[in-house]
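What follows is one structure encoded as structure tokens, with my remarks underneath.
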Amino acid sequence: YYFGHVVKVAVVEDPLLPESEEYPLEEFDDYTMETDENENFLGIPWKLRMLVNDISGRELQVHARMSEEYLDIEEGMPVAAVILSTSRRFEKLAGLTDFCIPDAQCWVGDYPYLDRSEFEASIVRDGLWDKMLDEGEGEFANFDEDDDRDDDVYYEGYE
């Protein structure tokens with residue numbers, strides 16, 4: 001598993017464009033895939049650009065076709081994914097799966113590589129849900145027992 005948190009989230013026309021060409025996600029609050037202006041005029045849909053970081057300082061930047069499901073993603077939210085490597089020490093990454101972002105109640109990725117309900121269940125079953133939440137930052141930092149955050153949203157019934 002890879003656990004981290006969202007450092008930055010933006011929208012771009014093309015994944016190869018520099019940071020100066022990013023648009024804030026908030027500018028897309030009425031976005032839908034059906035009405036994607038970029039795709040309608042240019043044939044290329046908008047892309048979500050998300051930078052994630054873990055407590056070890058490792059960063060991953062990912063791009064996915066923009067979706068209305070992503071509109072609730074905020075900086076600091078904890079994320080989980082499976083990363084792949086050709087070495088046992090993970091010296092070089094070979095790929096990654098979709099990202100689970102429980103606080104936004106969404107998954108980021110162009111294709112559902114994982115059985116999503118089983119992935120969430122395995123994190124809970126393996127006792128790693130709190131470890132993932134520990135990666136959150138800012139208002140999404142792991143809370144006390146008496147907070148108002150609903151941690152049961154994603155894994156209710158998996159215990």
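Quick notes on this one:
- Beta carbons closer than 7 Å, at least 6 apart along the sequence or on distinct chains, pair a first residue in the stretch 113-137 that is among the acidic types (Asp, Glu) with a second that is exposed (fewer than 14 other Cβ atoms within 10 Å of the Cβ) for GLU135/ILE55.
- For the stretch 42-71, a residue qualifies if it is open to solvent by 20 Å² or more (accessible area, probe 1.4 Å) and in contact (Cβ under 8 Å) with a residue 60 or more places away in the chain, and exactly one does: ILE55.
- Test: TYR31 is among the aromatic types (Phe, Trp, Tyr), more than 15 Å from the chain's Cα centre (by Cα) and under 28 Å from GLU139 (Cα atoms): yes
Yes/no per residue for (1) part of a helix (DSSP H, G or I); (2) of a type outside the set (A, V, I, L, M, F, W, C); (3) in contact with a Lys or Arg (Cβ under 7 Å, 6 or more places away or on another chain):
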{"position": "ASP103", "(1), (2), (3)": "yes, yes, no"}
{"position": "TRP107", "(1), (2), (3)": "no, no, yes"}
{"position": "TYR111", "(1), (2), (3)": "no, yes, no"}
{"position": "LEU114", "(1), (2), (3)": "no, no, no"}
{"position": "SER117", "(1), (2), (3)": "yes, yes, no"}
{"position": "SER122", "(1), (2), (3)": "yes, yes, no"}
{"position": "GLY127", "(1), (2), (3)": "no, yes, no"}
{"position": "MET132", "(1), (2), (3)": "yes, no, no"}
{"position": "GLY136", "(1), (2), (3)": "no, yes, no"}
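- The listed residue being touching a residue at least 24 places away in the same chain (Cβ under 8 Å) and acidic (Asp, Glu), out of GLU74, GLU39: GLU74
The values are calculated or read from the model by the stated rules, or taken from the named source; none is laboratory data. None of the values given here were measured: they were computed from a predicted structure. Methodologically, a virtual Cβ is constructed for each residue, glycine included, from the backbone with ideal geometry; neighbour enumeration extends over all protein chains shown. For the accessible areas, the whole protein counts, side chains as well, though only heavy atoms, and no ligand, DNA or RNA atoms are used. Shrake-Rupley method; radii C 1.70, N 1.55, O 1.52, S 1.80 Å.
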